[in-house]
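Peer 1: I have a structure I would like to understand better, so I am pasting it below and will then ask my questions one at a time.
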Amino acid sequence: MTEPQRMHDALAWLAGRDTGMSSTAILYAALGMPGGSSHPYDPDDLLRCLRLIDLHPWSAEGLPVLAERCPAWRALAAHWDELRALVMAEVGSVCPPFGSRLPRTYARMRELLMEAARD
């Protein structure tokens, strides 16, 4: 993918209604831009990140960059496929109906984030 196309994708994502601080952090990191290292705190945050990566697969390049910056991201990125699988097992989609609950995903995220905080 060309750099102009990536920038177009990034601007479209940022102008959309499905952005959050953690998905924005992924996007900036994938583009090599300075930005925060805000990580997903709950399944809603995680879903935005998953949707970003599903829509723009190149943005997944931001995960290892963020993992270098932040222990929480390191823990989440190391278990990214597991977290995605939990989402799919619980609701079958990264675009679940409004009000969907993901208790197993949330519990696993909390566990990973608590472990990262102890490290």
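Peer 1: Excluding PRO57 itself, calculate the net charge of residues whose Cβ lies under 15 Å from the Cβ of PRO57, where each Lys or Arg counts +1 and each Asp or Glu counts -1.
Peer 2: -1
Peer 1: For MET88 and GLU68 in one chain, what is 0.36 nm times their gap in residues minus the Cα-Cα distance, to one decimal in nm?
Peer 2: 4.5 nm
Peer 1: Tilt of helix 21-31 relative to the longest C-alpha principal axis of the chain, in degrees (0 to 90, nearest 10)?
Peer 2: 40 degrees
Peer 1: For the stretch 1-54, restrict the atom set to alpha-carbon positions and state the Rg and Dmax in Å.
Peer 2: Taking only Cα atoms of the stretch 1-54, I get Rg and Dmax of 10.7, 33 Å.
Peer 1: Shifting gears a bit: With θ set to phi - 60°, apply the Karplus curve 6.51 cos²θ - 1.76 cosθ + 1.60 along the stretch 98-106 and write out the HN-Hα couplings as whole Hz, x wherever there is a Gly or Pro.
Peer 2: 3, x, 5, 10, 10, x, 5, 4, 4
Peer 1: Around PRO43, what is the net charge, scoring Lys/Arg as +1 and Asp/Glu as -1 over all other residues with Cβ under 13 Å from its Cβ?
Peer 2: With Lys, Arg at +1 and Asp, Glu at -1, the neighbours total +3.
Peer 1: Cα axis of helix 3-15 to longest principal axis of the chain: angle in degrees, 0 to 90, nearest 10?
Peer 2: 50 degrees
Peer 1: Would you mind pulling out the separation of the Cα centroids of the stretch 3-30 and the stretch 64-119, in Å?
Peer 2: If we compute the Cα centre of each part, the gap is 20 Å.
Peer 1: OK, next. Under a plain spin-label model, where a point goes 7 Å from the Cα along Cα-to-Cβ, how far apart in nm are MET1 and HIS79?
Peer 2: Placing both labels 7 Å beyond Cα along the Cβ direction yields 2.7 nm.
Peer 1: Highest mean first, what order results for 33-40, 5-12 on Cβ atoms within 10 Å?
Peer 2: Ranking the peptides 33-40, 5-12 by packing returns 33-40, 5-12.
Peer 1: Looking at the calculated P(r) for the chain, what percent of the C-alpha pair distances fall above 23 Å?
Peer 2: 26 percent
Peer 1: Return a whole-number percent for the relative contact order of the chain, with Cα pairs under 8 Å and 6 or more residues apart as the contact set.
Peer 2: Normalised by residue count, the contact order of the chain is 23 percent.
Peer 1: Modelled label-to-label distance, ARG110 and ASP44, 7 Å Cα→beta-carbon offset: nm?
Peer 2: 1.7 nm
Peer 1: Something else now. Given points 7 Å out from each Cα along the Cα-Cβ axis, report the TRP58 to CYS95 separation in nanometres with one decimal.
Peer 2: 2.2 nm
Coordinate-derived values only; no laboratory data. Owing to the predicted nature of the structure, the values given are computational and were not obtained by experimental measurement. Don't worry about glycine lacking a Cβ; one is built from the backbone with ideal geometry, like all the others, and counts go over all protein chains shown.
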